[in-house]
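Encoded as structure tokens, the structure appears first; notes follow it.
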Amino acid sequence: MKRVIAMILAGGQGDRLSVLSEERAKPAVTFGGRYRIIDFALSNCANSGIDHVGVLTQYRPRSLNDHIGIGGPWGLDRGTGGAGVSLLQPYIGSQASDWYQGTADAVYQNLYYVEESRADLVLILAGDHVYQMAYDELIDSHRATGADVTVPVCEVPMEEAHRFGTVILDEDGRIAGFDEKPERPRSNLISMGIYLFSKEKLMEALVESASTADGESDFGRDLLPRLVADPVTKVHGYRFSDYWRDVGTIESYFQSNMDLLADVPELNLYDPDSEIRSHIASRPPVKIGASAKITRSLLSNGSVVNGRVEHSVLSPGVFVEEGAVVRDSIIFDDAHISRGAVVDRSIIDKAVQIGRDCLVGNSDDYTENQDRPDIVSGGFTIVGKRAELLSGTIVGRNCVIGPGVVASGDKQHCIASGTTLRTEHASGVFTV
């Protein structure tokens, strides 16, 4: 088998996840209770025998760096012969060094890392996708076709295709056409944002792109269309039919978490042959109180449930008091839901305090968020890290409560649907 180095693009801000990515990189956002989004790319590498991995970080990397550490949970802590994981952040040290200006530019600025490896193939991965893939099968396909570049592709509903790079394959599986986020897609077959290059072809393409690009350079927008149009370069597609989601929007992130609650989820977290690994802090077992009622939910270690949890995902250390209800929601680490509170169709970030008798996501009014109707419009209410809702606070739908906000409001003066509260608006304490 040819030697492979993987480069995981994990530096994007990802503002379409609203306040969830305000204090952390998108790949560091919690998923499925106990995981981070980047765990899927790292675990796929580990399960496929790829032990040389570079993680390209930029935006607010501390949480991501702390999570990955030296790569122990994924068997990437070897540190010999170039194997293991390396965290690659922008640096100042040469004329070519600067903040990453797009995905292709990020890899270009780390070409020395690729050059110094003994790899024959370079696997470019996104750090914000949720899926399980055997990369060794992708590599076998790449080798069998003699391709210079192989791009995994999958089908999506036609109405969603405009969000992605769309692909047309010829009868030999070669990519005959590629359109990046077209207004009117010609195909519902899309690029998954994964690229397997021969090392020489990648280096050649990146150097050429750097010499001609004016500023930002991306794989999907710039490199791939150029390579597909080049009659000499063989760009092949690799069909993938299993579960794959780009969780870069609030709606797709929420739905992907809810998908895990199906009787037989398409994304099988229980298959030992494709285990998703993660850095997990030591926590005591889940504790279920005498008054608890739990249906179709995921609970993580350290959680204590004395109330009702329905169709929800709970991260480690969540406390649900007796008389509280959590319904159709995602609750991050160490959040506290007090007696009498009801949390419905909401995403509650780390260390949030929901006071007694609070109603969160409580309204028949589905007015879009006033500040970001493009990303908060599906009836989800999002509460940022360390925010506190004082007793009796009522929050409508499509609301965004920023990190650290302290808010209060009663039935006569509730936080109306579509409202955004942020600490920069005032002292961070809101009474409505």
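Please specify each residue of region 389-411 satisfying the condition of being surrounded by fewer than 21 Cβ atoms within 10 Å (Cβ to Cβ) and part of a strand (DSSP E or B).
Once the filter is applied, which keeps residues that are surrounded by fewer than 21 Cβ atoms within 10 Å (Cβ to Cβ) and part of a strand (DSSP E or B), region 389-411 yields V406, S408.
Out of I401, I375, I382, I348, I need the residue that is in the same structural domain as H311 (by TED's automatic domain parsing), within 23 Å of G248 (Cα to Cα), at pLDDT below 95 and among the β-branched types (V, I, T). Which one?
Details: I401 fails: at pLDDT below 95; I382 fails: at pLDDT below 95; I348 fails: at pLDDT below 95.
Selected residue: I375, the only one of I401, I375, I382, I348 that is in the same structural domain as H311 (by TED's automatic domain parsing), within 23 Å of G248 (Cα to Cα), at pLDDT below 95 and among the β-branched types (V, I, T).
Taking strands (runs of 3 or more DSSP E) that fall entirely within region 309-381, which contain at least 1 residues that are in contact (Cβ under 8 Å) with a residue 60 or more places away in the chain and under 30 Å from R163 (Cβ atoms)?
Output list reads 346-348.
Tell me, which strands (runs of 3 or more DSSP E) wholly within region 140-194 include 3 or more residues that are within 18 Å of Y243 (Cα to Cα)?
It comes to 149-155, 189-191.
Are there any pairs, at least 6 apart or on different chains, whose C-beta atoms fall under 7 Å, with the first in region 102-115 and in contact (Cβ under 8 Å) with a residue 24 or more places away in the chain and among the aliphatic types (A, V, I, L, M) and the second surrounded by 23 or more Cβ atoms within 10 Å (Cβ to Cβ) and part of a loop (DSSP other than H, G, I, E, B), and if so, which?
A106/G11; A106/Y100
Run Q132 past the list (1) within 18 Å of R226 (Cβ to Cβ); (2) within 25 Å of the chain's Cα centre (by Cα); (3) in contact (Cβ under 8 Å) with a residue 60 or more places away in the chain and report the number of the one that doesn't hold.
Unmet for Q132, out of (1) within 18 Å of R226 (Cβ to Cβ); (2) within 25 Å of the chain's Cα centre (by Cα); (3) in contact (Cβ under 8 Å) with a residue 60 or more places away in the chain: (1).
Among the residues of region 73-84, are any in a helix (DSSP H, G or I) and not β-branched (V, I, T)? Before the answer, list the steps.
Going through region 73-84, the residues in a helix (DSSP H, G or I) turn out to be 73-74.
Those left that are additionally not β-branched (V, I, T): 73-74.
Checking region 73-84: at least one residue is in a helix (DSSP H, G or I) and not β-branched (V, I, T).
Return the residues of region 199-231 that are buried (at least 19 other Cβ atoms within 10 Å of the Cβ) and of a type in the set (S, T, Y); say none if nothing qualifies.
Of everything in region 199-231, those that are buried (at least 19 other Cβ atoms within 10 Å of the Cβ) and of a type in the set (S, T, Y) turn out to be S209, S217.
Would you confirm, using the coordinates I've provided, whether S217 is assigned by TED's automatic domain parsing to the domain that holds L123, part of a helix (DSSP H, G or I), at pLDDT below 90 and of a type outside the set (A, V, I, L, M)?
Against the criterion (assigned by TED's automatic domain parsing to the domain that holds L123, part of a helix (DSSP H, G or I), at pLDDT below 90 and of a type outside the set (A, V, I, L, M)), S217 does not qualify.
Can you tell me which of Y35, Y113, Y108 is modelled with pLDDT of 90 or more, crowded, with 19+ Cβ neighbours inside 10 Å, hydroxyl-bearing (S, T, Y) and over 18 Å from H279 (Cα atoms)?
Values: Y35 fails: over 18 Å from H279 (Cα atoms); Y113 fails: crowded, with 19+ Cβ neighbours inside 10 Å.
It is Y108.
Conditions (1) over 16 Å from the mean Cα position of the chain (by Cα); (2) modelled with pLDDT of 95 or more; (3) closer than 21 Å to I194 by Cβ; (4) among the β-branched types (V, I, T), marked per residue:
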site: V55; (1), (2), (3), (4): no, yes, yes, yes
site: R60; (1), (2), (3), (4): no, no, no, no
site: T80; (1), (2), (3), (4): yes, no, no, yes
site: G84; (1), (2), (3), (4): yes, no, no, no
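Yes/no matrix, rows are residues, columns are (1) over 18 Å from V130 (Cα atoms); (2) outside any strand (DSSP E or B); (3) not charged (D, E, K, R):
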site: Q13; (1), (2), (3): no, yes, yes
site: R16; (1), (2), (3): no, yes, no
site: E23; (1), (2), (3): yes, yes, no
site: P27; (1), (2), (3): no, yes, yes
site: A41; (1), (2), (3): no, yes, yes
site: A46; (1), (2), (3): no, yes, yes
site: V55; (1), (2), (3): no, no, yes
site: Q58; (1), (2), (3): yes, yes, yes
site: S63; (1), (2), (3): yes, yes, yes
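The values are calculated or read from the model by the stated rules, or taken from the named source; none is laboratory data. Everything numeric here is computed off the predicted structure, so don't read it as measured data. A quick note on method: Cβ atoms are made from the backbone with ideal geometry, for glycine too, and the neighbour counts reach across all protein chains shown.
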